[in-house]
Each structure stands twice: as C-alpha cells, then as structure tokens.
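Asker: This is the structure I want to talk about, given as structure tokens.
All of the numbers you see were taken from the coordinates with simple rules; none came from a lab. All values reported here derive from a predicted model rather than from experimental measurement. Here the Cβ positions follow ideal geometry from the backbone for every residue, glycine too, while neighbour counts run over all protein chains shown.
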2 protein chains.
Amino acid sequence: MDESQLALIDRYWRAANYLSVGQIYLMDNPLLREPLKAEHVKPRLLGHWGTTPGLNFIYAHLNRVIKERDLDMLYVCGPGHGGPAMVANPWLEGSYSEIYPEIGRDAVGMKKLFKQFSFPGGVPSHVAPETPGSIHEGGELGYALVHAFGAAFDNPDLVVACVVGDGEAETGPLAAAWHSNKFLNPRHDGAVLPILHLNGYKIANPTILARMDERELKSLFQGYGYDPFFVEGSDPMAMHGLMAATLDEVMVRIRDIQVESRAEGWSGARPRWPMIVLRSPKGWTGPVDVDGKKVEDFWRSHQVPVSNARGDDGHRKILEDWMRGYHVEELFDEEGRLLPELAALAPTGAKRMGALPHANGGLLKKDLILPDWKSLALDVPKPGAANGEATRLMGAYLREVMALNAEARNFRLMGPDETASNRLDAVFDVTDRIWMERIEPYDIGLARDGRVMEVLSEHLCHGWLEGYLLTGRHGLFSCYEAFIHIVDSMVNQHAKWLKTSAELEWRKPIASLNYLLTSHVWRQDHNGFSHQDPGFADFVANKKADIVRLYFPPDANTLLWVTDHCLRTWNRINVITAGKQPAPQWLTADEAERHCKAGVGIWDWASTCPADVEPDLVIASAGDVPTMEALAATELLATALPDLKIRFVNVVDLMTLQSSSEHPHGVTDAVFDKMFTADKPVIFAYHGYPYLIHRLTYRRTNHDNFHVHGFREEGTTTTPFDMAVLNQLDRFHLALAAIRRLQKFTERSAQFGAALERKLEEHKAYVREHGEDMPEIRDWRWSTTRNSSLGE
Amino acid sequence: MDESQLALIDRYWRAANYLSVGQIYLMDNPLLREPLKAEHVKPRLLGHWGTTPGLNFIYAHLNRVIKERDLDMLYVCGPGHGGPAMVANPWLEGSYSEIYPEIGRDAVGMKKLFKQFSFPGGVPSHVAPETPGSIHEGGELGYALVHAFGAAFDNPDLVVACVVGDGEAETGPLAAAWHSNKFLNPRHDGAVLPILHLNGYKIANPTILARMDERELKSLFQGYGYDPFFVEGSDPMAMHGLMAATLDEVMVRIRDIQVESRAEGWSGARPRWPMIVLRSPKGWTGPVDVDGKKVEDFWRSHQVPVSNARGDDGHRKILEDWMRGYHVEELFDEEGRLLPELAALAPTGAKRMGALPHANGGLLKKDLILPDWKSLALDVPKPGAANGEATRLMGAYLREVMALNAEARNFRLMGPDETASNRLDAVFDVTDRIWMERIEPYDIGLARDGRVMEVLSEHLCHGWLEGYLLTGRHGLFSCYEAFIHIVDSMVNQHAKWLKTSAELEWRKPIASLNYLLTSHVWRQDHNGFSHQDPGFADFVANKKADIVRLYFPPDANTLLWVTDHCLRTWNRINVITAGKQPAPQWLTADEAERHCKAGVGIWDWASTCPADVEPDLVIASAGDVPTMEALAATELLATALPDLKIRFVNVVDLMTLQSSSEHPHGVTDAVFDKMFTADKPVIFAYHGYPYLIHRLTYRRTNHDNFHVHGFREEGTTTTPFDMAVLNQLDRFHLALAAIRRLQKFTERSAQFGAALERKLEEHKAYVREHGEDMPEIRDWRWSTTRNSSLGE
C-alpha cells in the first residue's frame, strides 16, 4: 500500500486518539484554540487511556478493508474500558451524530462529546448499550470472543472482528472461547477474526500472554486451531504498513475459506482460521513518562496517565503537549469538522461499524414461527390421571420450533452436553449437534450443520446465545439447575444491558434470554449434594423488575404454555424451572392456559371447599415436586380431618407474588388477600430457598402467617422422596406444619401428627434398608374421585 | 519393568475395577460366591462407570511410584463422578477402614462398602468430603487443576497428581488453569503433574480435546508451557508398560527440575513441567455393547452401562459376566481380603493417598501469628474528626501478617490484578507478586518468590486459595465487589464442602475462606454500571448459617478488628465489604472492638436521645457509605427538628439481624426489640439490595416498620454522591423517608421535606454542570460538637 494512503490512515488514527484524550480530560476548549487552562479540564478524570490507542488503530484499519471489500463488519471490543475509542470512531464516521443529534459533527458537538464522557448525565466510561455499534458491555472481562462467535453463527456474510485484550485473555471464559472454532461452520456461519491485543499490562501487572515465550505463544494458538499473524512494533508508520498488509492477507484467507466451504464438494473439514496478534505499547502515543515515572508501554498508562491536569500546571502542560502532538490542524477544519480526505476513509451508511444493523439486533429480529402448542399437549382426563415427563413434551415443542424456523436459521438451542439428558432429544428428529471435529460412523446426532450447540461450558453456551440474541435471533439455554450459577455474572451483565437498552429509544428490542433449568435440586439421584442448588431465582430476582420472570410450571402442559410464551417475549430474562422425570400431570391444555395466564390461582379440584368460602388453611405451591408433595399433604389432611376447609393455590409465575407496585406481573393486594386470606395459615411448598417467598411477599397483609418450606441446603445422593424429607418439603412435614398452625381440631390433629411422625420414621427405616422409597410413596396417585366432587 | 510386576499391577487394577462395579450395582453377594440374583442388585442404580477404570488405572500406577520414591502424593480427581474409584482404592489400601471401621477389609465390609454407595444414609456417588484422600468435590467440573496448584504452593515435597477429564477440560476455569504454571516456583512449591484423561466422551457427546488433531493437541499443551507425554491405547498389559515407563520418566523429570531449582545458581527460569495425556477407552473393561448398542469406548458407558440388571435376566447376565471377568479369585481370599501380594503394592501409613495428611488439611493447619491490630489503628479523636482509607489500613495489617508468617510460609493473598488498586499495597513492603515469566528491570513488585498472587481470573484466585486452605494454610482473596459473582458457583461448592466436612469428625477444621470485597458499588466512579452489584451477600446468605458471615465495617478501625477476627476463624466463609476511598472515621480502636464484638449496637454519640429513652425514630446503617449518609441524614433531621428523638444503630455483622434461632450470631428478639423498638419507624441504609434486610428481619417484631434503602440497580459512571442519589440512599432521600413516617412535627416536616426536595434538584443541576459534587457534600463533616453533648 502506498505511503500516502498509510499517511491518511495515520491521520485518521490521530484524530481518534485526539478525540479519546479529549473525552477523558476536557470539558471545554475542544480544539485547543486557546492555551489549555485549568477550567477546561474536568474536575474528576474518569476513564481508561491505556488500551484506547490500540483500539483506535484497529478501527482505522478495519475501516479500510470494509470499504475496499464492501464488508459487513462488527467490531466486538473486548477491552471495553476503552470506551473513548468506541465513542470517538462512530463520531468520526458520523453514525454517532445520527443517533445522538445533539452531539453534532462540529466544534460545538465536539465540546459536548468531550464533556459528556464519564460525566454525570452523560455516557459511561466503558463500552455500553449507549455506544453505537456495540453488542458487548465492556465492564466485566471474559466474554468478547464468545459473543463474537454468537454473532457470527448463521450470519454468513458477517465478519466479526473481535479484539481480545491480553488481560481478558487470562480469564477462564475467554481461554475456553478460543475453542468456539470447533462449532463454527464456514458454509453457513460468518467469520470471526480474533485480534489478540498484547499491550503488555493490566492495572498493575504484566499480562501472561505478553510475557510468554514467543514460540509458546504461537504454539498455543496453533494448538487452539488458528493460524496466527503477528503485527508487532511501536513505530506508527511501520505498524500501519504491517497492519494493512496483514489485514489484506487475512481477509483473503477468510474469503478463500468461505468460497471453498460454500462450493460443491466441500470436504467439511474445519478450516484453520486466521487470527492477528497485535503487539503495541499500552498508552501508545501518550506521555512517555510523568513525574519521572515510566507511563507509555507500562501499566501506569492504564487509566489517566496525567492525573492532576486541572490542579497542576506541569501536568496540564504534559496534557496540552500530548494533545497538540496529534496536530489537530491536520485533522479538523475551522468548524471542528473532520477534514474531507479523512472523512472519506470511513465506510458509508450501514457499512459504518457504528451503524451496522447487527449491532442493534432488534432491527433485524424476525418473530419466530411457533407451532400450536396445544396440538402437542398431553391428554389429562382428570388431575393426576396421566403421567408424563414435562421436558420431553417441551422437547417435542422445540422440535417443531426448530423445523418451522429451519429456513430462517434464526433459532438455536444451547446446552452443556445435556440436551438428551434433559429429555429434549426430540429436537434431534429434525436437526443435529453442530460439530466441526472428526465425526465417527458410530456417532449419534453430530453434523456439520446442526442447530443444537453442546459444549461442557456453561460460559460458552451462555455467551454464544447472548451474541446470537444481541444480533437479532432467538434461542434457549437448557442447563442443570445447580450449575447455572456458573454464569451468574454473565446474567448480571446481560440484565444490565437490557435495562439500559430499554431506556434508549434507538435500541430495538431483542429476543428474550430463555433458560430451562432442569435436572433440578429435587431429582439429583445420580449426583447428590454438589448438584443441589435452586438459588438462581434469588439471584435473578435482584435484577430490574421489568426484565425478570421466574416460571415454575407444575406439569407438562403448563411447561408448554410457558415455553411458548417465553419465545414470544422480548428484552426479558425468562427462567423456567421444570423437572424431567416422570410425574403426575394436573392440568389439561385449556386449564393450563387459563392458569398460566393468571400466573397464580386457586385449584378448586384440589381444595376441600369452594373458592368463595373462607378456608381454615391455605396450602400453596410453586414448582413441580413441591406441588406434588403439597397435593399429597392436602389429601392426607383432608382424609384425617374431613371438616377442615383447605384452599389449594398454585403459583406458576413467581413474580405475581410481589406487589403490583414493584413488579408488572405482581397481583394487586386485593387479589392477593382474596387468594391467600388476611389471617389464615399459609403452608407454602416452594421449589427453592424459602427466603425468596418471604422476600417477595413481606408487604402482603397475611405475610406473618406464611410458613414456607423449601430447600434447606440438606442434600445427598438418595431417593427422590428422601430428598424432600431431608428438607421438610415432603407431604408428611407439610401436613405437620399445617396442623401445628390450626386453631381447631386440636385433639384429632394431635393424633394425626403422631401418625405423621411415625410415617417419617417408617420412611427413614425403609429407604435405608431397601434403597428406594416405600411403595405407598412410589405408587401414590392423586385420588380424584373424592375431590372432584368438591366444587359441586 | 518386568512383566510379573506389571501383572501384579494389572491384578490390583482389576480389584479396584471389581470393587467399583460392585459399588454401583450390588447390595449383596459381594464376592459372587453364588450366582447373581435379582435381589443382590440394588433397586436404584446410581453412579458413573465411564471414567472409573481410568481413575483406577492411574491410582494403581501412582501407588507404585509413591512406594518406589517414597513420595507424598495427593490425588486430585477432576472426574469426581468417578466416586467408585476413589472409594475402592482407599478401601484396598486400608485407609478407608481406618476412618470408617464399620467398613472392614473383608467380605462383610465389602458388602457394606457396596451397599452404602449412592444409597440412602450411605456415601454420595461423587468424590466428596466423605472420600478419604480428597480435597476436591467432584460435582461441578472445572476446578481440579486450580485446586491442585493451590495445594502445591508452599508444599515443596508434595507431588499433586491431578486427573483432568476431557469433559472438564472444556470449561473456562480449567482452560485458564493450565497457566498456573506461571505462578509456581519449583524451589519453594511442590509439583503438579497434570494427567489429561482423554476417554473421548461426555454424557452424550465426544469431547473437543479427544477429537482434536493430534498435532494441535500437542501444540496446545506445549503452548501452555508443558511437555506432554502420551500414553495411548486399550490393551491393558501394553498400557501398563507404557504408563509405568512414562511415570518413571516424568518423575525423574520432576525431580531434576526440583534439584536444579533448589541448588545455588538457579537461573530462575520457569521449567517446562511434564504432563501426561492418557488416552484410554471410556468404560474400559466394561461391557463392549448392550442390547446391540456400543457401550465401551463410547458415551453410553458414562453412567450405568447395564441399566436393568435387577429386572432383566439378560442384563444381569451381562453384569455377572463382566464382574467375573475380573477373576475375583485372583484378587481376594476366602474372607474377602485383598491377597497379600496385591496388598503389598500399596504404600503404607501416611503415604497412602487415602491417608495423606494434606488431604485433611486441618491436621496440618497451624494458627497464624497475628499482629496487635490496635497498634495499627487510626487515631480518631472524635467521631468524624479523622479521615482515612479503610483498606489502606487493612493493607498495613496484612503486611504484618505477611511478615510474621514469612518463615512458616502459610499465608497468601490472592487478587485479580487489584491488590494495589484496592490499596492493600503495604504488603509489597515485605513481599512481591509471584511471577515466573520474564521480569523487566522496570517492573515493580514482581519476583520469583512473591506471596501475593495476581492474575486476571477470579476463578484462578479463588481456586488456588481453596486448594491452599484445604491443605491446611491461610489466605485472603481481595476482589472487586461486582465481579465476585464470577465465582458464585465455586463458593457454592466450597460451602457445601465445609458443611459436610463439619459433620465428619475425622475431617479437621481448615482456615476460613476470607474475602475482602472492595471497589464497591458506591464508589465505581471509573467503571460505572457494569461494576455495580452488591448481591454476593444475598447469594452467600443462602448457605448454611453456621458457615456464613457477612461483615460491613463502617470505617478503618472496625475493618481492622473484622480482618483480625476472620483470620482467627475456621470452617467459615467470611465476606468483608469495605471501601478503599478516603472517608470519615467514626470509632477509636477500643470503641471498634466493643462495637464489632457485639456486631450491632446503638451509637450514642450519633443519637439525639440517650439509649434508654424510647426514640421517635431509628436510623440504622450497614456499610461504610450508607453509614456516612445515614449520619448526615441524622444531622439534617436533628437540625431541622431539634425535638425529634433519633436513635442511631449501626450493624457490622449482618447476621446479627437474623433470629438467634436461625443463625448463631443472631441477637435474641428481646435485644433486637430493645434496639429497633417495637413500633417506631426504622430507616435502614444498607449497602446492598434492600431485600436482604427484609429477609433477615421478617420475623422480628417491628419488621413492618422497616424501610430499607439500598441498591436499586440504578447506576452509571457518575459522582459518588450522585450514585447514592440515583438509588435514594443519600442523606436527602433518607431524611425524606424519615419524615414521611413521622407521626408528629407534621408542619415543620413538610417545610423540611420541601427543602430536601430542593436540595436534590440543586444537586442534580450542579453535578450535570460541574461534574463533581456540591462543595457542601464534598466538604461535609460530622459535627461532633453538637452531638457529643447529647449523652451528658
């Protein structure tokens, strides 16, 4: 490439660097028309310089290849604290001012651009939803590469340039994410171009990858299956030449891979995708040293290299020299507009990385075609008269979703090696697991173009799905309940993204992040205590109310309704918890629909008095196993104390419990009081930690009478019923809890209580001898005959 | 090695395999003295066969090298669901029966051994605290290698053999953990021998590493800095020879590295440690196929390869043939005792891996030598009359701990690149960061023998510390508050480990897992919303009460007391949340001690009425920023409404809020009611999500009058005070909340309220213009003169 073109790129880069420094430091005098004074400098300097010049360097060079090759390119910025770069560049290319017209492309706009950065009421210092062109919150490190791959799946024409900082590269999720190349099919998917940015330092330490022996570094990435290209140095012009030549070579390589894989007769072999290792100084082009201490090319440049530019004349001089060193007069005209020959370097329209529709996935989102779930519903002639595996039915539903949207290629199912174990394997009737490594003749359900993604990393499953959703597609993540905590912090970041996005009119809604949590705490027969933790609901409930939904369908038909519903929603985090084991079924499709739409309701057929009669006692449940045990307890109570008026309430949508003032799904106090009474004991059998129910209901009238049974952190490898007993969630303990709160029937209650205690002893002795539950437990069926007449 | 020795090892292996199958399947007829009948087979078959024969194979071979070389070897079993192996081997070597005398080393014991496995009242199917020789819960995958390294640090004579399953190897934490070799010093630390076990399959999928191109696989581990040795095959005798030869070579290599690094003149270069890649069939020696389907060397052998051995004669025949194929008569004598020539293969005494003291770290734990924290305390002449950075003082304390225990080498500090950022850098006066890569002359605080461990991976920090604690040492993990969620699931597993360990008399207490959470939600000026999440407390509070402690010291001296206290405790998870920014100080050392010992108390000096007078209002706080704002609110109220009787309560130990029946630190209802009154409004300023306070106090008399202000998930990059305002935790909102609940002073309250509203508007306008807080906020000091006279 000729020198003059490189010189233009260099000026573009300087413009971005100038704007980056300006954002960190200045609130006035943006073009340095006058000498820099204290009052031009912000009183609080908040931001990160160190990574920023490297990000600007990459942006400028990507612009060139986009223009030359007419690419759709998404920039995923792993070092997200380089916010100044990711704001400066959209401003330079014009996409910023289109979204935020108040930040114009002139000196007035530049002043606002500078002032707003890390300023109250302004924009955050990290790459965030507010940043045009981004799908990736830059706060918590580790997910850049996995988001990049998620974006590339089923986007054959997209190239995702993913900058991975060498700090981030030390995290676990990032270290695993390199293996995503084993799941990317070059024929149907786009390309990911990882750019490992070795600037050498974190906050106060060198990075592992930057200090490794160069041969080991190369070997590592070859081992991961990439072909690494090295761009190393600090002289800007030499680096421009090297980067441009390397990018050209790499883009040709990507194109070749795609042409070959999309032609007939493709071998199906996984290609060795190229990647770039960019080694450039941290804080490149910034002050070399400050107060006699090394800053450039060292960790001291991480945040604000000159810390007291407002209060200290010497520091301010360093800042001014630094900024003037970019030769602002060679970059902007008198009005503060980028000079035309530089503006011409950026792509135009939707090709600008700040305006790429994929980075505002809601723009591209198409609703899924969904089957009629009722056609798949289980026949439940009477409550308890059918048996079924809830998630198996859900699998059939997902199979239909897969099939109906196969052509659109906009739905994927993620899971850590558990799709079949979680009994969703009906999906394999219509698709396979994507697998780009060797496939043996005896392998089952592996293919180059599968739409189910399985890898033993919850981080990868979650991150891929996030990237997929954020670019306008749909999906569901099925996971063992206990291990979903592995991605707690990822959920956190996604919830924050959704919360902020919803406040930005220009960000269009994306499909919800849907979880199926199964193999849950109550049925961990194979795996025991380590696999028993129902606390994800507690974690999620801390997030903003309008984003979060927690569903506990008690049986298969309710699970179908909930699944169908969740796939129709947007901008939410839907957590569905449901078991996979054979279990009694309660509701017909129509009943399930009515019940789920309300989210909470009285089950007349399970109550011993009509709904309009004030009961002596409320038994409530949320979750499949708790519902079964609560029903069994109701039956025991009804048999022992036939005059007792019991109302049975089931909760599918946990957020209905919260006050309507706190959650959009919360029922009003009037409705709640009518259902749970004002003063009667409520025995609540809940799937998870009992506290959550208290937390959600503490403002309700009758809260003081809520007695919640749930997981008490008592677990091991044992029988299903024994797990319930260990945690006092079983029918006997629930019935005992009820009679202890009753004001009447005291004598009969006492006898009944003693009988229940004996039952518990009997159970304990039985399971320890036989290793399975007592026949009366195993064979228990809800006795519909008695109760079905109750409402008459 | 001669054939006869290998044949003996093969028999030992067969014995372990036999016992493994027996545990999964049988409840009687352990030696197959009679034909296998249905009633000999357990009714519920729970366990995992697939990985087990490989684990047994490794165990048998490690036994040989331990004996030959007199090694202290710890076996960390990554594929922890291979529980049968890790129970069978201690039984064979006798360590099992020493710990569990009821499981004797004969046929009667063997029957019990079989029956108890995955049986109610028995032992879990996964490697667990119940498993002798283990420091590693085998449920959630990802942490084997990082635990292994944690165990090896400062244990120069220990060799940690760490089996990494190829499933686990796909996880993020494991992928990052390979880089732990950059933090292990061969001179002072022991050796970790990773054994990557490629058995090819997970639950229902092949594994990435097993299907990778062999050159890529080798390149990957060379890139990680290891020297991989391959042991591959399926013919047992050939594999025994290969494994024995490889282990000999590897042990020589380890010894050479250690001799060289411990001699004078060591270069300090990081060695290329050996590792073994063991490729053997999943379900090795089990049924080749069942019902016409491939089982051995395929994922179908993952759990129970013959599923209906009780109910189906054909299946039972397969099981019987399989077990008899091990030739039980060549393994055990008539009494069911291991034959002497096989028993002689195991090491003896504490060299047996099931009896290694390091695997029961409490046996080796020595108390830390701790400094007199009061000698480091800040001088606080009057409340609010001193300023200080709490964590900087803590750093000084930790420096002393480091120095006092330098010789014992049993204390380490972990952090993800944040030790200095978190202002604990005083520790660098006496030690450095351990760093085994290149060190440049201009680097600061890096050394080959540093005792601070920094890597940008919370997973690695946490896992190393766990391994270190579990083998009997001490430490502290300092972390940005928001990112501690990254390790939620690791905390989970550790809490479960502690809970179960405490129920086992033979497991001796280990040092507590101590966290400092700082750079917290209220002071994320540089980083904004992505870094704002105080929910770890909620997560931890779900764990068993006797394990969990949550501390919110309001200033530096209280932080010192809490730190000192936590380092003296055992078997706990102590979470300390404290800020690093300059802040007003409230208590002298003596006052801090009294206050912290109680955990919660009235601050007379901040109240407007004596403690024995019933107040009109209680203002309470937990956390440093909330305390400052609550005090400022108290001052505002006291000034505006001088007749108002305000009581000020501060909570350091959050668990005191819970009922004494639920938590050992909970105060009694009488004490609680006395402090918080029975019916007066309580305005509670809390550091985290408000719900937690409700959850902890919902059973208290006055709960209905608790109004908790905390984090409402509203955040961005802004000023410190503005963050409080956004979440209504600031002095103005707190004072407003108070007057809204007052029954008296209504007229003056209304005026005061209007003034507070105006203040909020004024603040908002000011920060948006100036980018910093109003001078009256920045310069605010507690006015001791007025309030100090209150008690007189």
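Asker: With only Lys, Arg, Asp and Glu charged, each at its Cβ (+1 for the first two, -1 for the last two), find how big the charge dipole of the protein assembly as shown is about the Cα centre; round to the nearest 20 debye.
Answerer: Working: 166 positive and 212 negative charges, 269 e Å.
Rounded to the nearest 20 debye, it is 1300 debye.
Asker: Measuring from label point to label point, each 7 Å out along Cα→Cβ, what is the A:Val252 to A:Asp669 span in nm?
Answerer: 7.4 nm
Asker: How far apart, in nanometres, would the label points at B:Ala238 and A:Asp321 be if each is projected 7 angstrom from Cα along the Cα-to-Cβ direction?
Answerer: So the two model labels end up 7.1 nm from each other.
Asker: To the nearest 20 debye, what is the magnitude of the charge dipole of chain A about its Cα centre, counting +1 on the Cβ of each Lys and Arg and -1 on the Cβ of each Asp and Glu? Before the final figure, lay out the partial values.
Answerer: Working: 83 positive and 106 negative charges, 183 e Å.
Dipole size: approximately 880 debye.
Asker: Between B:Glu614 and A:Met1, what's the calculated FRET efficiency when r is the beta-carbon distance and R0 is 60 Å? Round to 0.05.
Answerer: In this case the efficiency is close to 0.15.
Asker: Work out the FRET efficiency for B:Ala765 and A:Phe230 from their Cβ-Cβ distance, taking R0 = 45 Å, and round it to the nearest 0.05. Kindly include the intermediate steps, with their values, before the conclusion.
Answerer: Numbers: r = 52 Å, r/R0 = 1.16.
Here the calculated transfer efficiency is 0.30.
Asker: Could I ask something else about it? Quickly rank B:161-171, A:471-481 as a protection proxy: mean count of other C-beta atoms within 10 Å, highest first.
Answerer: Values: B:161-171: 28.5, A:471-481: 25.8.
In descending order of packing, they fall as B:161-171, A:471-481.
Asker: Here is the link list: A:Lys645/A:Lys680; B:Lys374/B:Lys580; B:Lys366/B:Lys543; B:Lys42/B:Lys111. Which ones come out longer than 22 Å on Cα distance? The partial results should precede the final answer.
Answerer: Working: A:Lys645/A:Lys680 11 Å; B:Lys374/B:Lys580 20 Å; B:Lys366/B:Lys543 27 Å; B:Lys42/B:Lys111 12 Å.
Violating the 22 Å limit, Cα to Cα: B:Lys366/B:Lys543.
Asker: Rounded to the nearest 500, what is chain B's calculated 222 nm mean residue ellipticity when only DSSP H runs of at least 4 contribute -39500 (n - 2.57) each, over all residues?
Answerer: The helix-only estimate for chain B comes to -11000 deg cm²/dmol at 222 nm.
Asker: Using a label point 7 angstrom from Cα along Cα-to-C-beta, what distances in nm, from shortest up, separate A:Glu34 from the other copies?
Answerer: Taking the point 7 Å beyond Cα along Cα→Cβ, the inter-copy spacings are 10.5 nm.
Asker: Distance from the Cα centre of the range B:1-45 to that of the range A:637-710, in angstrom?
Answerer: Distance between centres, Cα-based: 52 Å.
Asker: List the lysines whose Cα sits under 21 Å from the Cα of A:Lys365, skipping any in the same chain fewer than 8 residues away.
Answerer: Within the straight-line cut-off, A:Lys365 pairs with A:Lys351, A:Lys496, A:Lys499, A:Lys508.
Asker: To the nearest 0.05, what FRET efficiency results for B:Ala598 and A:Asn387 with a Förster distance of 56 Å applied to their C-beta separation? Please list the in-between numbers first.
Answerer: Details: r = 56 Å, r/R0 = 1.00.
Approximately 0.50, to the nearest 0.05.
Asker: Quick one: label points 7 angstrom along Cα→Cβ at A:Asp379, distances to the other copies in nm, smallest first?
Answerer: Counterpart label points of A:Asp379 in the remaining copies fall at 8.9 nm.
Asker: Further, regarding this structure: Towards the positive end of the charge dipole of the range B:3-346, with charges on Cβ (+1 Lys, Arg; -1 Asp, Glu), say which of B:His327, B:Ile195, B:Tyr224 has the farthest Cα.
Answerer: Of the listed residues, the answer is B:Tyr224.
Asker: Quantify how strongly other chains surround peptide A:442-449 by giving the mean number of their Cβ atoms within 10 Å of each of its Cβ atoms. Mind dumping the intermediate values first?
Answerer: On the way: counts 4, 6, 7, 2, 3, 0, 0, 0.
Shielding by partners across A:442-449 averages 3.
Asker: Hey, another quick one. Roughly how tilted is helix B:52-69, in degrees to the nearest 10 and between 0 and 90, from the longest Cα axis of chain B?
Answerer: With both axes taken from Cα atoms, the answer is about 90 degrees.
Asker: Have a look at A:Asn63, A:Phe672, A:Gly463 and report the one farthest towards the positive end of the charge dipole of chain A, computed about the Cα centre with Cβ charges (Lys/Arg +1, Asp/Glu -1).
Answerer: Of the listed residues, the answer is A:Phe672.
Asker: Something else about it: Per residue of B:537-545, what is the mean number of Cβ atoms on other protein chains within 10 angstrom of that residue's Cβ? Please list the in-between numbers first.
Answerer: Details: counts 0, 8, 7, 0, 4, 12, 4, 3, 1.
Counting other chains' Cβ atoms within 10 Å and averaging over B:537-545 gives 4.
Asker: If the only charges are +1 at each Lys and Arg Cβ and -1 at each Asp and Glu Cβ, what is the size of the charge dipole of the range B:377-498 around the Cα centre, to the nearest 20 debye?
Answerer: Working: 12 positive and 18 negative charges, 75 e Å.
With Lys and Arg at +1 and Asp and Glu at -1, about 360 debye.
Asker: Which of the three applies to the range A:373-577, rounded, prolate or oblate, going by the alpha-carbon gyration tensor with a ≥ b ≥ c and a/c under 1.5 meaning rounded? Walk me through the numbers before you get to the answer.
Answerer: On the way: a/c = 1.30, a/b = 1.11, b/c = 1.17.
It comes out rounded by the Cα gyration axes.
Asker: Over all residues in A:695-708, what is the mean tally of Cβ atoms on other chains that come within 10 Å of each residue's Cβ? Write down the numbers at each step before the final one.
Answerer: Working: counts 9, 3, 1, 8, 2, 0, 0, 0, 3, 4, 0, 1, 0, 0.
For peptide A:695-708, the averaged partner shielding equals 2.
Asker: What is the angle, in °, between the Cα long axis of helix A:624-640 and the longest principal axis of the Cα atoms in chain A? Nearest 10 is fine, range 0 to 90.
Answerer: Helix A:624-640 and the main axis of chain A meet at about 20 degrees.
Asker: What percent does the relative contact order of chain B come to when contacts are Cα pairs within less than 8 Å and at least six residues apart? Before the final figure, lay out each step's value.
Answerer: Working: 1692 pairs, mean separation 87.3, N = 792.
So the answer I get is 11 percent.
Asker: Can you tell which of B:Ala151, B:Asn387, B:Pro274 lies farthest toward the positive end of the dipole of chain B, using +1 and -1 charges on the Cβ of basic and acidic side chains (Lys, Arg; Asp, Glu)?
Answerer: B:Ala151
Asker: When DSSP assigns beta bridges and you keep just the ones with both residues in chain A, what percent turn out antiparallel, to the nearest 5? Display every interim value, and only then the final one.
Answerer: On the way: 14 of 76 bridges.
Of those bridges, close to 20 percent are antiparallel.
Asker: So what's the gap between the Cα centers of the range B:557-601 and the range A:213-253, to the nearest angstrom?
Answerer: Spelled out, the Cα-based centre of one part sits 51 Å from the other.
Asker: Which residues in the range B:68-96 place their backbone N less than 13 Å from a point set 7 Å from the Cα of B:Ala344 along the Cα-to-Cβ direction?
Answerer: none
Asker: Can you list the copy-to-copy distances for B:Ala406, using a point 7 angstrom from Cα toward Cβ, in nanometres, shortest first?
Answerer: 7.1
Asker: Here is a follow-up. Measure off 7 Å from each Cα along the Cα-to-Cβ vector at B:Ala755 and A:Glu98, then give the distance between these two points in nanometres to one decimal.
Answerer: It is 5.3 nm.
Asker: Quick one: which of B:263-270, A:725-732 comes out on top by average Cβ neighbours within 10 Å, and what's the full order, highest first? Please report the intermediate quantities before stating the final value.
Answerer: On the way: B:263-270: 11.1, A:725-732: 23.9.
Put in order of decreasing packing, that is A:725-732, B:263-270.
Asker: What whole number of Å gives the distance from the Cα centroid of the range A:254-308 to the Cα centroid of the range A:369-415?
Answerer: A separation of 45 Å, based on Cα centres.
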